[in-house]
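The values are calculated or read from the model by the stated rules, or taken from the named source; none is laboratory data. Not measured: the values here are computed from a predicted model. Here the Cβ positions follow ideal geometry from the backbone for every residue, glycine too, while neighbour counts run over all protein chains shown. The accessibility values were calculated without ligands, DNA or RNA, using every heavy atom of the protein model including side chains. Shrake-Rupley method; radii C 1.70, N 1.55, O 1.52, S 1.80 Å.
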Amino acid sequence: MHNRRLAAALAVVASAALAGSLALVRPAAADTSLKQLAEGKGKYFGTALVQSNLSNSTLVGVATSQFDMMTPGNEMKWDTTEPSNGSFNFGPGDALVAFAQAHSMRVRGHNLVWHSQLPGWVSSLPSNQVQAAMETHITTEATHYKGEVYSWDVVNEPFNDDGTLRQDAFYNAMGSGYIADAIRTAHAADPNAKLYLNDYNIEGENAKSNAMYSLVQSLLAQGVPISGIGLESHFILGQVPSTMLANMQRFAALGLDVAVTELDDRIQLPASSANLQQQASDYSTVVSNCLAVTRCVGVSQWGVGDADSWIPGTFSGYGAATMYDQNYQPKPAYTASVNALGGSSGGSSSSSPSTPTSSSSSSGGGGGACKVSDTVDAWNTGLTENITIDNTGSAAVSGWSLVFTLASGQTITNGWNASYSPSSGQVTATNASYDGAIAPGGSVSIGFQATHTGNAAAPASFSLNGQACSS
Ligand code: G3I
């Protein structure tokens, strides 16, 4: 698994170097994948997934095309990984890690120690046995995933909102020192993982974030190997704190990474278009804040779309909290995030509620020095199309235009790794700044989302720089 990841990383570096050496002069790229844009800024854009999400092809299509970091929503938590004392179950977490690796996503490990989703046996232990149980749990889980996770939320949500530490099983048995002990234990098991404290309502400057700041100062003074602070960022519409940027900067100034770990922005339902515009503004603020702080490593949303968000199940009457709607169509918050990252997007489409269905097809045609593989995942009002262009000739391609004709009624709403114009009829996809060079035997993957009015068929033929491609 590590070798596969390394090979993928080297391929990206090699292709970037090749593109640079050819000094292509191209119009500004209109690529709209969150991950590509974030990577261009030295950051990641992540999402949370639970195992059941993996069987939803529409969700998976968005997750794999847009996000390059994955946080398991539940599968690495103590109630799943050690449901009874000394009995470990890493199957669900392993499935998500394998999925992430297969799609070049890194993994935020979430989490090792938390008062919630904690099996009853831990809370029932005599207090003089809690430390050993905690250390065994951390050591076993962090060792199992050694080298597989980018980071661990070692202790999750340690504070009450007033800045006091939660009186949970760990605090009650060990006092505040459990936090340093947990981080040191995780570091011993996986010295290369970034080790985080993660909490909510610490995004702005307030009693809780002040307490986190003091704790971190004290941990650093003790030489505890903490790497970063996770700001969960479960916001209410219009309430991104004005002090968020300054707050991120003060943690970064301590020499720590910061990350937005669980972003969503809940709206009282039904959401109006004004609400969605406000949400776009909120997302833009959060993404911009991360971009403004060098030590902010990335932004992760909690879930992929409104259909898989935890919000409606927890906050009655609220929802619509993510960048994608119930049908995984991008919302204004998606466009705003793309724009904040310096990209441009064809905009968002809102579609009426519909029941997703799925179909796929492939096409191509003609002969030549290119081969195009094309898959379409469609539901009743939209589709996601992924296209791979192979250079089957012996000459390097230096800048390309791929021409194809969309079926009647199809309109591209956003795309990635190329700019698409116009959005319907005969479309020309022009390379992005970073993928114009295709070596002989090399390939480039691009894609887009489109709305349709009943005909979700793939284009019948493709031509690259005027030459027909085989399928
Ligand atoms: O697995 C049981 C299932 O057997 C049972 O039938 C069902 C009935 O309710 O519950 C299932 O467990 C649920 C679990 O998710 C797995 O789906 C719990 O009820 C449910 O409470 C739990 O919710 C999770 C929540 O953490 C728990 O606090 C959410 O999915 C998860 O998204 C959420 O994630 C947290 C982060 O870890 C930390 N920050 C806040 C964030 C949102 O609450």
For region 169-202, how many residues meet the condition of being touching a strand residue (DSSP E or B) at 6+ places or on another chain (Cβ under 7 Å) and surrounded by fewer than 20 Cβ atoms within 10 Å (Cβ to Cβ)? 3
If we ask which residues in region 164-190 are farther than 21 Å from ALA221 by Cβ and either in contact (Cβ under 8 Å) with a residue 12 or more places away in the chain or of a type in the set (Val, Ile, Thr) (or both), their number turns out to be 8
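Okay, residues lined up against (1) away from the ligand (no atom under 15 Å from the Cβ); (2) touching a Pro at 6+ places or on another chain (Cβ under 6 Å); (3) part of a helix (DSSP H, G or I); (4) in the same structural domain as GLY298 (by TED's automatic domain parsing):
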position: GLN36; (1), (2), (3), (4): yes, no, yes, yes
position: LEU54; (1), (2), (3), (4): no, no, yes, yes
position: LEU59; (1), (2), (3), (4): no, no, yes, yes
position: ALA100; (1), (2), (3), (4): yes, no, yes, yes
position: SER104; (1), (2), (3), (4): yes, no, no, yes
position: VAL130; (1), (2), (3), (4): yes, no, yes, yes
position: THR136; (1), (2), (3), (4): yes, no, yes, yes
position: LYS146; (1), (2), (3), (4): yes, no, no, yes
Can you name every residue in region 289-322 that is assigned to a loop (DSSP other than H, G, I, E, B), open to solvent by 30 Å² or more (accessible area, probe 1.4 Å), away from the ligand (no atom under 11 Å from the Cβ) and closer than 19 Å to GLN278 by Cβ? GLY317
ALA259 is checked against (1) among the small types (Gly, Ala, Ser); (2) closer than 27 Å to LEU220 by Cα; (3) open to solvent by less than 10 Å² (accessible area, probe 1.4 Å); (4) in a loop (DSSP other than H, G, I, E, B) and fails just one. What number does that condition carry? (4)
Count, please, the residues in region 273-287 that happen to be in contact with a Leu (Cβ under 8 Å, 6 or more places away or on another chain) and of a type outside the set (Phe, Trp, Tyr). 6
For region 71-118, name all the residues that are surrounded by fewer than 17 Cβ atoms within 10 Å (Cβ to Cβ) and more than 20 Å from the chain's Cα centre (by Cα). ASP79, PRO83, SER84, ASN85, GLY86, SER87, PHE88, ASN89, GLY91, SER116, GLN117
Which one of these is in the same structural domain as SER116 (by TED's automatic domain parsing), under 22 Å from LYS77 (Cβ atoms) and of a type in the set (A, V, I, L, M, F, W, C): ALA186, ALA221, ALA207? ALA186
Checking SER21 against (1) modelled with pLDDT of 95 or more; (2) more than 16 Å from the ligand (Cβ to nearest atom); (3) more than 22 Å from THR413 (Cβ to Cβ), the condition it does not meet: (1)
Of the conditions (1) surrounded by fewer than 20 Cβ atoms within 10 Å (Cβ to Cβ); (2) more than 16 Å from the ligand (Cβ to nearest atom), ASP161 fails just one. Which one is it? (2)
Consider only pairs whose beta carbons are under 6 Å apart and that are at least six residues apart or on different chains; among these, list those whose first residue lies in region 278-289 and is closer than 9 Å to ASP265 by Cβ and whose second residue is basic (Lys, Arg). none
Considering each residue of region 217-244, count those that are buried (at least 20 other Cβ atoms within 10 Å of the Cβ) and in a helix (DSSP H, G or I), and give that number. 1
Which ones in region 77-99 are within 19 Å of SER65 (Cβ to Cβ) and in contact with an Asp or Glu (Cβ under 9 Å, 6 or more places away or on another chain)? LEU96
Out of all the residues in region 42-52, which are within 16 Å of the ligand (Cβ to nearest atom), under 9 Å from the mean Cα position of the chain (by Cα) and not hydrophobic (A, V, I, L, M, F, W, C)? GLY46, THR47
Sort through THR428, THR453 and tell me the only one that's assigned to a strand (DSSP E or B), touching a residue at least 12 places away in the same chain (Cβ under 8 Å), assigned by TED's automatic domain parsing to the domain that holds LEU402 and polar (S, T, N, Q). THR428
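Run down GLY230, GLY238, GLY255 and say which single residue is within 16 Å of the ligand (Cβ to nearest atom) and not charged (D, E, K, R).
Result: GLY230 is the single residue among GLY230, GLY238, GLY255 that is within 16 Å of the ligand (Cβ to nearest atom) and not charged (D, E, K, R).
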Is region 182-191 home to any residue that is more than 26 Å from ALA95 (Cβ to Cβ) and in contact with a helix residue (DSSP H, G or I) (Cβ under 8 Å, 6 or more places away or on another chain)? yes
Collect the residues in region 161-211 that are under 25 Å from GLY298 (Cβ atoms), outside any loop (DSSP other than H, G, I, E, B) and of a type in the set (Val, Ile, Thr), keeping them in residue-number order. ILE179, ILE183
With the requirement that a residue be within 16 Å of the ligand (Cβ to nearest atom) and aliphatic (A, V, I, L, M), what does region 106-128 give you? VAL107, LEU112, VAL113, LEU118, VAL122
